[in-house]
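Asker: Below: one structure in structure tokens.
None of the figures in this text is laboratory data; all of them are computed from the coordinates on show. This one's a predicted model, so the numbers in the text were calculated from it and none came from an experiment. Heads up, the Cβs are rebuilt from the backbone with ideal geometry, glycines too, and the neighbour counts pull from every protein chain shown.
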Amino acid sequence: MSEPPVPHGLDDQGFIAREGSLARVPAAFRPVVAAGRDRLLEVFGARLHSAYLYGSIPRGTARVGRSDLDLFVALLDEPTDADREAVRALGEAVDKEFPQIDGVSTLLYGRDRLLSELERYDLGWFVACLCTPLLGEDLAEYLPRYRPDSLLARETNGDLARWLPRWRERIAGAEDTEEARRPLVRFMSRHLVRTGFTLVMPRWNGWTSDLREMAEVCGAYYPERAGQLRTAARYGQEPVGDPQVLQTYVDDLGPWLADEYARVHGVKAPRPED
């Protein structure tokens, strides 16, 4: 086994350090962040509990013309289909206006769900550790601190087996073009690399959001899969439209990873929508 990178991403007490800050937002993306913030207020008004940034922009690693704007929204009540349509339209408008981003992704949940016992080690952890406060009261004040342990691994990514049939349906339903397949390759590549990383996260005892480093960490513990993981990390940033890549994900890498994950950490608790 090759040596994994030196663990990091924890504070001096061994808890996962919250990543990202508004101070790290690159200058090119500040107008985009401001537009997203202002339009969320316009759309939701008094129903908005809080909003956050996540991803490469608050980490300071975003690339002009390549990175997307990732928003996370907590409402005082549960979101409706109309709310989801509103954030979709908001995202399309912001993406069209600002050429420095390549898409907008908005996650939308109710405050009570985010603070629920069921979501404490999934969505709650996501807010507390991976999200940068943008508007409103920070929900992290109501959440625990988190260690990179097996419970966190299970509840964040222990549901890959449930995703694979849906992925097969999405692949089968996609248009037979490279343009249509590239977003699928990007999404699935990222999901698999992140799942591979959290599989070994407790052994590594650290945290990172860098796809390439995630692949290197997992590959050090599973050298027979290291090449696939490195390639998936590359496609997570520079996706291709190759149907064979998608087939390999749902026929080989994905099933192996789902089985190994269940063996090591168990299976994530079902959610109401499962």
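Asker: Per-residue counts of other Cβ atoms within 10 Å, averaged by peptide: what ranking do you get for 164-171, 116-123, highest first?
Answerer: Sorting 164-171, 116-123 by mean packing, highest first, produces 116-123, 164-171.
Asker: Taking the Cα-to-Cβ direction at Glu169 and at Asp81 and moving 7 Å from each Cα, how far apart do the two end points lie in nm?
Answerer: Each label point is offset 7 Å from its Cα along the Cβ direction, giving 1.6 nm.
Asker: Gain in length, Glu97 to Leu118, computed as 0.36 nm per residue apart minus the alpha-carbon separation, to one decimal in nm?
Answerer: My answer for the length gained is 3.8 nm.
Asker: Let me ask something additional. Give me the extension gain from Val64 to Asp38: residue separation times 0.36 nm, minus the current Cα-Cα distance, reported in nm with one decimal.
Answerer: Going from the current span to full extension adds 7.2 nm.
Asker: Can you give me the three principal axis dimensions of the range 19-121 from its C-alpha atoms, in Å, biggest first?
Answerer: That gives 36, 28, 19 Å along the principal axes, largest extent first.
Asker: So if each residue of separation counts as 0.36 nm, and I subtract the Cα-Cα distance between Gln244 and Glu273, what length gain in nm does that give?
Answerer: Working it through step by step, the gained length comes to 7.4 nm.
Asker: For the range 73-149, just the Cα atoms, rotate onto the principal axes and tell me the three extents in Å, largest first.
Answerer: Dimensions of the range 73-149 along the principal axes of its Cα atoms: 39, 27, 22 Å.
Asker: Need one number: nm distance between label points at Glu224 and Glu179, each 7 Å from Cα along Cα→Cβ, rounded to one decimal.
Answerer: 4.2
Asker: So for each of 150-160, 247-257 I average, over its residues, the number of other beta carbons within 10 Å; can you give me the resulting order with the highest mean first?
Answerer: Peptide ranking by packing, descending: 150-160, 247-257.
Asker: A further question follows. Under 8 Å for C-alpha pairs, at least 6 residues apart: give me the relative contact order for the range 88-141, rounded to a whole percent.
Answerer: Over the range 88-141, the number comes to 21 percent.
Asker: Hey, what did the chain get for relative contact order, percent, Cα under 8 Å, at least 6 apart?
Answerer: Dividing the mean separation by the residue count of the chain yields 22 percent.
Asker: Take every Cα-Cα distance within the range 12-52, group them into 5 Å bins from 0 onward, and report for each bin the whole-number percent of pairs it holds.
Answerer: Taking all Cα pairs of the range 12-52, the binned fractions are 5, 17, 20, 16, 17, 12, 7, 4, 0 percent.
Asker: Among 128-141, 37-50, what's the highest-first ranking by average C-beta atoms within 10 angstrom per residue?
Answerer: 128-141, 37-50
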